[in-house]
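Please read the structure below before turning to the comments.
The values are calculated or read from the model by the stated rules, or taken from the named source; none is laboratory data. In this text, all values refer to a predicted model and were calculated from it rather than measured experimentally. Cβ atoms come from the backbone with ideal geometry, glycine included; neighbour counts cover every protein chain shown.
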Amino acid sequence: MNFIFNEEQKAVQEAIDGIFVGMVTPDRVQQVEATEERFDRDLWGELARADLLSLALPVSHGGGGFGMVELALVLEAHGRSVAPLPLWATLVVGAMPIAEFGSAALQATVLPGVAAGEVVLSAALADVAGDIAVGGPGRPSVTARAGAGPDGGMALSGTAFAVPFAHVADRVLIPASLGDGVVIAAIDPRATGVTIERAVTTNREIHSHLHLDGVVAGPDDLLAGGEPSEGYDMVAWILNRAWTGLCALQVGVVEAAVSQTAAYLNTREQFGRPLSTFQGTMLRAADAAIDTESIRVTMWQAAWRLDNGLDADRAVTVASWFASEAGQRAVFATQHLHGGMGADIEYPIHRYFLWGKQIELLLGPPSAHLARLGRQVIDVLQGAPAVPA
């Protein structure tokens, strides 16, 4: 792939960096985290006014018609700021699947609102991602019953665990088992039959559990027309973009943590010398910088393959492994290099440590990604033509 950004992508990068640098400070993040919603709505509105929430939406619904690469630029900048925003939840796991598989009515209802900053989306992916991690097809724990409601549709029951920003979401995509297949429904988390159980994550975001008791989703609210045979393919499509988006976030988190650590080591002195002049600190910081670039290059490979319609499964798995393994290793190193300051939960570097760890948890353990990569390689080899003797 070509790692050089075009003029439009550079413009996106400059715009998003300008907004985050201009509006996000450690004090502001701390103030927003102290609120009930833990959602910086002023910053969200500014991103909408700059047309950055609509980048990957269809042009027909007020979007820019861009793809995963442009979204990754936004998410990378978000990771550098660690601002409390539902960017990944709304733009990647919410809007992209609706734009790809949603009915015309659902798209018209939801997507213009996303572009305007008026609609927040999310998706319940924890259980399907966990099933895939152990070699399953991505089967949800929530179940669906067909024929619900006056116009048909589905009734969903069960618990959708750890749904990002569900407490402020207008719609949540819920995969549900139906027979041997899967359906995905866009439900209102405040609909009859939904109970929201508040849960706080490692990085202080709110990822609530949704308890569903016969929640009705109409025909227009079902992705791909509610066809169960297409559900597993949709789940895989969504997860590839979800994991790539998390990798982009991790790039920003680790990059900012390493940069702040380098500045700290250059100014903090011990025995009359800057800490950066000691070989041990230099090597540790250099390893973290190498980890950052490893996450970056594998993430861009995955995003580029997704946008160009190429087989991206193995690229996404490799990127996810680097973001999970190298990401948590790098943020741990940056916190450690701050010494006692790194243990102060009010000091900025600690927040990057929490974000790096949370992204690792969302991606899943590195060993699971290695096992998945092994299964993918075996599948390729088994499907390859025989090599002549």
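All told, Ile19 falls short of being on the phi < 0 side of the Ramachandran plot, without any contact (Cβ under 8 Å) to a residue 12 or more places away in the chain and not charged (D, E, K, R). For Thr298, the requirement of being surrounded by 14 or more Cβ atoms within 10 Å (Cβ to Cβ), in contact (Cβ under 8 Å) with a residue 40 or more places away in the chain, in contact with a Phe, Trp or Tyr (Cβ under 7 Å, 6 or more places away or on another chain) and assigned to a helix (DSSP H, G or I) is met.
Among helices (runs of 4 or more DSSP H) entirely within the range 1-51, having at least 3 residues that are among the charged types (D, E, K, R) and closer than 22 Å to Arg351 by Cα singles out 26-33.
In the range 68-83, is there at least one residue being under 18 Å from the mean Cα position of the chain (by Cα), within 25 Å of Ile174 (Cβ to Cβ) and either part of a loop (DSSP other than H, G, I, E, B) or without any contact (Cβ under 8 Å) to a residue 60 or more places away in the chain (or both)? The answer is no; no qualifying residue exists.
Considering the range 314-350, the residues that are charged (D, E, K, R) and modelled with pLDDT under 95 include one that is surrounded by the most Cβ atoms within 10 Å (Cβ to Cβ), namely Asp344.
None of Val258, Val331, Val254 is more than 28 Å from Val163 (Cβ to Cβ), touching a residue at least 60 places away in the same chain (Cβ under 8 Å) and part of a helix (DSSP H, G or I) except Val258. Restricting attention to the range 6-53, the residues being farther than 28 Å from Val200 by Cα and of a type in the set (S, T, N, Q) number 3.
Restricting the range 140-174 to residues that are surrounded by fewer than 19 Cβ atoms within 10 Å (Cβ to Cβ) and charged (D, E, K, R) leaves a set whose member that is nearest to the chain's Cα centre (by Cα) is Arg145.
When only residues in the range 198-215 that are buried (at least 20 other Cβ atoms within 10 Å of the Cβ) and in a strand (DSSP E or B) count, which is nearest to the chain's Cα centre (by Cα)?
His207
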